[in-house]
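**Student:** Attaching a single structure in structure tokens format; questions to follow.
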Amino acid sequence: MEDETQMTDMQSLLQEQYLKSLAGIEDGQIVTGTVVQLNNDYVFVDVGYKSEGKIPVDEFIELPKLGDKVNVVIVNKEGKGGQVIVSKRKADAKERTEALREAAENRTPVLGKFSKVIKGGFEVDLGADYKGFCPLSKADVVRVEDPESLIGKTDYFIIDKFHGASKMKSVVNRREYLEKIIAENKKKFFDSVQIGDVVQGEVKSFTSFGAFIDLGGFDGLLHINDMSWGHVTKPKDFVKKGQVVQLRLINIDPETQKINLSLKHMTADPWTTFADKYHVGDVITAPVTKITSFGVFIELEPGIEGLAHISELSWTRKITNPAEVVKIGDVVQAKILGYDLDKKRVSLGLKQLQDNPWDTIAERYPVGTVVKGTVAKVTSSGAFVTLENGIDGFLHMDDVSWTKKLKNMSQFCKEGDELEVQVTRVEPQNRRIRLSVKELGGNPWSNLRRNYPKYSVITGTVSNVTDFGVFVKVPGDIEGLISKYNLVGPDEEYSDKVLENFKVGDPITAMVVEINPQTQKLSLSIKEMIKKNQESEMAKYMADNDEDDDTFSLGDILKAKDEEI
């Protein structure tokens, strides 16, 4: 009986001590406990008041180890069976609430994660079930083209508005945090670097004149001229977007905040030793790196490119596109024609390694040579005739015929026609050959003047009758003109009715009064022919009567003529 009494007293004492141990804590209070036991479902924490609380393992992101300290909230200090009920999740939420409130007051950055895209911006997970709203305009320092690209990204945010009671009304701002970091990075950069330093950055974007390099939220410019010692046409040939590169700082201006970077200055300038290695007249073997409308770029060595102008690719071919001759990657031989170290230019030639056919053109086609060629091109004023591969002569339409006047060369020939021509002029220095068709048969004007000198009588055919005279086609297919006042005899008076006496196709005889092969002019006259005939008859009559009396007048002759009639 005594033992039972003692046992009851002991239990009462222990209970009294336990209740006293709980007197110092209150529900909702945050206390620090020690992990004393773990199993698959719970973590047991000694809260330091001779009582243990158990916490479901799903309240931990990472399970603690025995002896670790854990902050918990006292949910009920007199739980079922007398066990203290605690919660780590509520402790985290309470601590997070205070931390967020303090961060909002002090504008201290807090960690958050873009969780999803919502109207006008993003939902941001701030931890402990706190969700903030980040407007699209405050999500980054640059325009966000693809909002989905930020989902899942963790970064720091500034809390513009905090609502502890409503966890969805907080407004956060990542842009302000980024601008602050960028400003700090930029100040540190300008304070610590100097021209000549090597800096590291990421290729951000391209322009026609170069590439922008991200140096930590602020940009430096890698100009196209600073990418290589050689010729650069496309910045993307030297750096790629997203590539991390090391570049040399060649200019920095704290006032304008401009930063100029160089890739080529990471290596020595090859032009400084160019004159020691290359000389005018040297023949180099090198690859074609670029082809343009005006020529071909050939890389003598990394950083040094020479240009073979389109005019230096062939002696004879009329090249309109250099790609007709070479392609990128071809290894070719070229001669150094000249260079300018100040402008960093090298002039190259491919044709100089071949014989120039124009050097011997006068020997192969002396003036007077008759050759056959093919019409390569017809223009409004003439035709180019191919005499051999790459050698064309020009046939002007004035050199087609001595007598026919062409209005357009297409009246005489077309591309592909084979012509027999005579070489009339050779100009090797200008790479020109003049050709003629009319010279093949000789000059009919010269023949006409030789066969029909001035005051000779010529017979032809009326080819045209006009208000000012009659055109006559004579031997050699030459056309002459009898002016209207020369259509009648010297004793007749001209009237327009005289023209009615002449029809196209009628035979006609007249006297040559002027013939000029240079101007191709032939003047004829019936009046002069009649006059000359009269003078001839007069001379004859006088000669016949000279034995009787040598004193006669023109009146006597005319009287005698009347008597004969």
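The values are calculated or read from the model by the stated rules, or taken from the named source; none is laboratory data. Computed from a predicted structure; not experimentally measured. When we count neighbours, we look across all protein chains shown, and the Cβ atoms used for this are built from the backbone with ideal geometry, even at glycine. Calculation scope for accessible area: heavy atoms of the full protein, side chains included, ligands and nucleic acids excluded. Shrake-Rupley method; radii C 1.70, N 1.55, O 1.52, S 1.80 Å.
**Student:** Which of the chymotrypsin sites (Phe, Trp or Tyr not before Pro) across region 362-444 are loop residues per DSSP, with 14 or fewer other Cβ within 10 Å?
**Tutor:** On the way: sites: Phe384, Phe394, Trp402, Phe412; in loops: Trp402, Phe412.
When the chymotrypsin sites (Phe, Trp or Tyr not before Pro) of region 362-444 are filtered for loop state and at most 14 Cβ neighbours within 10 Å, nothing remains.
**Student:** Separate question: Please work out the Cα convex hull volume for region 84-233 and give it in Å³ per residue. Provide the component values of the computation, followed by the final result.
**Tutor:** Details: hull volume 23.0 nm³, N = 150.
Per residue, the Cα convex hull of region 84-233 comes to 153 Å³.
**Student:** Please go through region 344-418 and write out the GluC sites (Glu not before Pro) that DSSP classes as loop and that have at most 13 other C-beta atoms within 10 Å.
**Tutor:** Glu415
**Student:** Also, I was wondering about something else. Which of Phe238, Thr519, Gly476 sits farthest toward the positive end of the charge dipole of the chain, with +1 on the Cβ of Lys and Arg and -1 on the Cβ of Asp and Glu?
**Tutor:** So the residue furthest toward the plus end is Phe238.
**Student:** Go through region 148-153 residue by residue and turn each phi into a ³J(HN,Hα) via Karplus (6.51, -1.76, 1.60, θ = phi - 60°); whole Hz please, and just put x for glycine and proline.
**Tutor:** My calculation for region 148-153 gives 5, 5, 8, 4, x, 7 Hz in order.
**Student:** Let me test this: with uniform point scatterers at the alpha carbons of the chain, what is the Debye-based log₁₀ I(q)/I(0) at q = 0.09, 0.12 1/Å?
**Tutor:** -0.96, -1.20
**Student:** Can you quote the Å³ per residue value for the convex hull of the Cα atoms in region 325-444, rounded to an integer?
**Tutor:** 155
**Student:** Could you order peptides 534-543, 369-378 by the average number of other Cβ atoms within 10 Å of their residues, highest first?
**Tutor:** Result, highest mean Cβ count within 10 Å first: 369-378, 534-543.
**Student:** Give me, ordered by chain and number, the residues 5 or more places off Arg432 or on other chains with an amide H under 5 Å from its own placed amide H.
**Tutor:** Glu427
**Student:** 5 Å is the cut-off here: which amide hydrogens, built 1.01 Å from N in the peptide plane, fall below it relative to Gly210, excluding neighbours closer than 5 in sequence?
**Tutor:** The answer is Ile224.
**Student:** Charges only on Cβ, +1 for Lys and Arg, -1 for Asp and Glu: so what's the dipole of region 132-288 about the Cα centre, in debye to the nearest 20?
**Tutor:** Values: 21 positive and 21 negative charges, 127 e Å.
With Lys and Arg at +1 and Asp and Glu at -1, about 600 debye.
**Student:** Given points 7 Å out from each Cα along the Cα-Cβ axis, report the Phe209 to Lys531 separation in nanometres with one decimal.
**Tutor:** Rounded to a tenth, the inter-label distance reads 8.3 nm.
**Student:** When the Kirkwood radius is taken over all Cα pairs of region 432-549, what Stokes-Einstein diffusion coefficient follows at 20 °C and 1.002 mPa s, in µm²/s?
**Tutor:** Taking Rh from Cα pairs, D becomes 134 µm²/s.
**Student:** Which whole-Hz ³J(HN,Hα) couplings does region 271-283 yield from phi under the Karplus relation 6.51 cos²θ - 1.76 cosθ + 1.60, θ = phi - 60°, glycine and proline marked x?
**Tutor:** Running phi through 6.51 cos²θ - 1.76 cosθ + 1.60 with θ = phi - 60° gives 5, 5, 10, 4, 5, 6, 9, 10, 9, 4, x, 5, 9 Hz.
**Student:** Sorting check: for 247-255, 190-198, which peptide has the highest mean count of neighbouring beta carbons within 10 Å, and how do the rest follow? It would help to have the intermediate numbers written out before the result.
**Tutor:** Values: 247-255: 15.6, 190-198: 10.8.
Ranking the peptides 247-255, 190-198 by packing returns 247-255, 190-198.
**Student:** Among Trp358, Leu313, Val331, whose Cα lies farthest out toward the positive end of the dipole of region 267-358, if unit charges sit on the beta carbon of Lys, Arg (+1) and Asp, Glu (-1)?
**Tutor:** With unit charges placed on the Cβ atoms, the residue in question is Trp358.
**Student:** Using a 1.4 angstrom probe, figure out how much accessible area the chain has per residue, in square angstrom, rounded to the nearest whole.
**Tutor:** 59
**Student:** Let me ask something additional. Given Thr108, Gly217, Val43, which one lies farthest toward the positive end of the charge dipole of the chain, if we put +1 on the Cβ of every Lys and Arg and -1 on the Cβ of every Asp and Glu?
**Tutor:** Val43
**Student:** Wrap a convex hull around the Cα atoms of region 96-153, take a quarter of its surface area, and give that in square nanometres. List each step's numbers first, then the result.
**Tutor:** Numbers: hull surface 16.5 nm².
In nm², the orientation-averaged hull projection of region 96-153 is 4.1.
**Student:** So, one more: Along Cα→Cβ, 7 Å out, is where each label goes; now give me the distance between the ones at Thr320 and Arg345 in nm to one decimal.
**Tutor:** Rounded to a tenth, the inter-label distance reads 2.7 nm.
**Student:** Given +1 on the Cβ of Lys and Arg, -1 on the Cβ of Asp and Glu, and no further charges, what dipole in debye does the chain carry about its Cα centre, rounded to the nearest 20?
**Tutor:** My answer is approximately 1780 debye.
**Student:** Another question, then. Between Glu420 and Thr108, what length comes free when the chain is fully extended (0.36 nm per residue of separation minus the Cα-Cα distance, one decimal in nm)?
**Tutor:** 102.8 nm
**Student:** OK, next. I'd like the Karplus ³J(HN,Hα) series for region 425-431: coefficients 6.51, -1.76, 1.60, θ = phi - 60°, whole numbers in Hz, and an x wherever there's a Gly or Pro.
**Tutor:** 7, 10, 10, x, 5, 9, 6
**Student:** Count neighbours as other Cβ atoms within 10 Å of each site's Cβ, and list the chymotrypsin sites (Phe, Trp or Tyr not before Pro) in region 449-537 that are DSSP loop with at most 15 such neighbours. Don't jump to the answer; show the numbers that get you there.
**Tutor:** Values: sites: Tyr455, Phe468, Phe471, Tyr485, Tyr494, Phe502; in loops: Tyr455, Phe468, Tyr494, Phe502.
Counting only loop positions with at most 15 other Cβ atoms within 10 Å, the chymotrypsin sites (Phe, Trp or Tyr not before Pro) in region 449-537 are Tyr455, Phe468, Tyr494.
**Student:** Can you list residues from other chains, or at least 5 along the same chain, whose modelled amide H is less than 5 Å from the amide H of Val332?
**Tutor:** Distant-sequence amide H within range of Val332: Ala286, Val288.
**Student:** Further, regarding this structure: Over all pairs of distinct alpha carbons, what does the Kirkwood formula give as the hydrodynamic radius of region 255-295, in Å?
**Tutor:** It is 14.6 Å.
**Student:** Considering the convex hull of the alpha carbon atoms of region 284-394, report its projected area averaged over all viewing directions, in nm², one decimal.
**Tutor:** With every direction weighted equally, the projected area is 9.0 nm².
**Student:** Ranking request for peptides 151-157, 58-64, 433-439: highest mean number of other beta-carbon atoms within 10 Å first, then the rest in descending order.
**Tutor:** 433-439, 151-157, 58-64
**Student:** Could I have the simple spin-label model distance between Lys234 and Thr273, label points 7 Å from Cα toward Cβ, reported in nm to one decimal?
**Tutor:** It works out to 3.1 nm between the two label points.
**Student:** If you place +1 on the Cβ of every Lys and Arg, -1 on the Cβ of every Asp and Glu, and leave all else neutral, what size is the dipole of region 369-474 about its Cα centre, to the nearest 20 Debye?
**Tutor:** The dipole magnitude comes to about 400 debye.
**Student:** First compute the accessible area of the chain with a 1.4 Å probe, then give the percent of it belonging to carbon and sulfur atoms.
**Tutor:** 49
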